Structure formats: C-alpha cells, structure tokens
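All of the numbers you see were taken from the coordinates with simple rules; none came from a lab. These numbers were taken from a predicted model, which means no experiment stands behind them. Because the Cβ atoms are built from the backbone with ideal geometry, glycine has one as well, and the counts that use them run over all protein chains shown.
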Amino acid sequence: MKTGERFDRFLEFVVDYVFNAGTLFIIIACGFVYGVFKLSEVESVRREEHQAKVEHCYSQDMVLVQTDAGERCVEPSSLVKVK
C-alpha cells in the first residue's frame, strides 16, 4: 500500500467521523458554549474597567460622562440640563 493511499484512507476516515451528524452537533455545541463563556468574560472585564473609571471620577468629586468624543470626568456644576 502506498503512502498516498494510506493518507487518502486516513483522510476519508477523519471526514466521515468529523462530519457525522452527532459529532458535528457536539463540536458546534462546544463552540457555542465556549463563545458564551468568552463573551461573559469580556463583559466582566469591561464592567470592571467602567467601575474603576467611575470610582476615579467620584474620588475627585466629579462625574463620568459619555459623549461622542468618549468618556471623561467633569465637574457636576458644569453640566447643563437639557429640556
């Protein structure tokens, strides 16, 4: 048996095994669960960073505002109420 034939048989076995409906479902389910965990981890880090920014502003008796230009700390007296 030639090496090329062995590789072809091996590749055929792998394709048949991986693209089996049950195996494919398990792979997709594991990928989905992994994605959900990674997204929750990223969201947790984002919340911690935002909380740190808010605490930094409050420690200087300022408030954190979000504008089109980004986030920054401003004096509460400089804020204008828009009707």
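Points worth noting:
- Sequentially through region 9-20, phi angles give Karplus couplings (6.51, -1.76, 1.60; θ = phi - 60°) of 5, 5, 4, 5, 4, 5, 5, 5, 6, 5, 8, 5 Hz, Gly and Pro residues having no value and appearing as x.
- Hz values of 3J(HN,Hα) by residue in region 37-47 - Karplus curve (6.51, -1.76, 1.60), Gly and Pro given as x: 5, 5, 5, 5, 5, 5, 5, 5, 5, 4, 5
- For region 68-78, Karplus couplings with θ = phi - 60° (6.51, -1.76, 1.60), whole Hz, Gly/Pro x: 5, 7, x, 9, 7, 8, 9, 5, x, 5, 8
- Among 37, 59, 11 the positive-end extreme of the charge dipole of the chain (Cβ point charges): 11
- Label of the coordinate-derived value, semi-axes √(5λ) of the Cα gyration tensor in Å, listed as [x] 30, 13, 10; [y] 49, 16, 12; [z] 58, 13, 12: [z]
- Nearest-0.05 FRET efficiency for residue 11 and residue 49, computed from C-beta distance (R0 41 Å): 0.30
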